[in-house]
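Comments concern the structure below.
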Amino acid sequence: MALVQEYGRPDLFFTIKERLQPGEEAQNRPALCARVFKAKLSIINDKIISGEVFGKVSSVVHVVEFQRRGLPHAHFLIILKPEYKYMTPKAYDRVVSSELPDKGVDPYLVHDSWKRELSKLQT
């Protein structure tokens with residue numbers, strides 16, 4: 001809350017997560033998964049703070065959590081400097097995207113709750 005009072009509302013929120021190769025499990029090599037994720041997180045954080053990704057940043061906050069199956073993920077809140085704030089939907093569209101998982105590529109990402117939500121959209 002102190003950051004919001006000082007710098008204003010967050011402009012961007014995103015999540016990054018660690019992904020494994022097919023057949024790998026986090027519980028087999030937990031220390032390795034954590035080290036690789038920490039290295040990736042450090043690189044991403046440095047690029048965000050330096051302004052390479054979204055523009056000049058006033059404030060960045062991230063929290064690392066671990067899923068039940070042992071994989072880490074991080075949530076970022078980013079507050080941009082006033083001259084770099086996104087003011088139109090098109091400006092956000094340049095940096096924000098999403099996609100549904102492809103059952104052929106990532107079958108483990110397609111689960112029952114995803115199928116239920118997709119069927120609601122199609123009716």
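Anything in the stretch 1-23 that is open to solvent by 90 Å² or more (accessible area, probe 1.4 Å) and within 12 Å of L71 (Cα to Cα)? List them, or say none.
Those that are open to solvent by 90 Å² or more (accessible area, probe 1.4 Å) and within 12 Å of L71 (Cα to Cα): K17, R19.
Mind checking whether some residue in the stretch 74-83 is free of Cβ contacts under 8 Å to residues at least 60 places away in the same chain and either surrounded by 14 or more Cβ atoms within 10 Å (Cβ to Cβ) or assigned to a loop (DSSP other than H, G, I, E, B) (or both)?
Yes, the conditions are met somewhere in the stretch 74-83.
Can you pull out every residue in the stretch 24-57 that is open to solvent by 40 Å² or more (accessible area, probe 1.4 Å), closer than 23 Å to R94 by Cα and of a type outside the set (D, E)?
Correct list: K40, I43, I44, K47, I49, S50, V53, K56.
Of all residues in the stretch 29-57, how many are in a helix (DSSP H, G or I), of a type outside the set (A, V, I, L, M, F, W, C) and either closer than 15 Å to P72 by Cβ or touching a strand residue (DSSP E or B) at 6+ places or on another chain (Cβ under 6 Å) (or both)? Don't jump to the end; show me each part of the working.
Taking the stretch 29-57 as the starting set, the residues that turn out to be in a helix (DSSP H, G or I) are 30-50.
Add one more test, that the residue is of a type outside the set (A, V, I, L, M, F, W, C), and what stays is 30, 35, 38, 40, 42, 45-47, 50.
Okay, now just the ones that are also either closer than 15 Å to P72 by Cβ or touching a strand residue (DSSP E or B) at 6+ places or on another chain (Cβ under 6 Å) (or both), so 30, 35, 38, 40, 42, 45.
The number of residues fulfilling the criteria is 6.
Against the conditions (1) out of contact with any Leu (no Cβ under 7 Å at 6 or more places or on another chain); (2) hydroxyl-bearing (S, T, Y); (3) at pLDDT 90 or above, where does Y7 fall short? Just the number, please.
(3)
May I ask you to verify whether V36 is without any contact (Cβ under 8 Å) to a residue 24 or more places away in the chain and under 14 Å from the mean Cα position of the chain (by Cα)?
On the way: without any contact (Cβ under 8 Å) to a residue 24 or more places away in the chain: yes; under 14 Å from the mean Cα position of the chain (by Cα): no.
No, not satisfied.
The values are calculated or read from the model by the stated rules, or taken from the named source; none is laboratory data. The structure presented is a predicted model; accordingly, all values stated were derived computationally and were not measured. A quick note on method: Cβ atoms are made from the backbone with ideal geometry, for glycine too, and the neighbour counts reach across all protein chains shown. Keep in mind that these areas ignore ligands, DNA and RNA; they rest on the heavy atoms of the full protein, side chains included. Shrake-Rupley method; radii C 1.70, N 1.55, O 1.52, S 1.80 Å.
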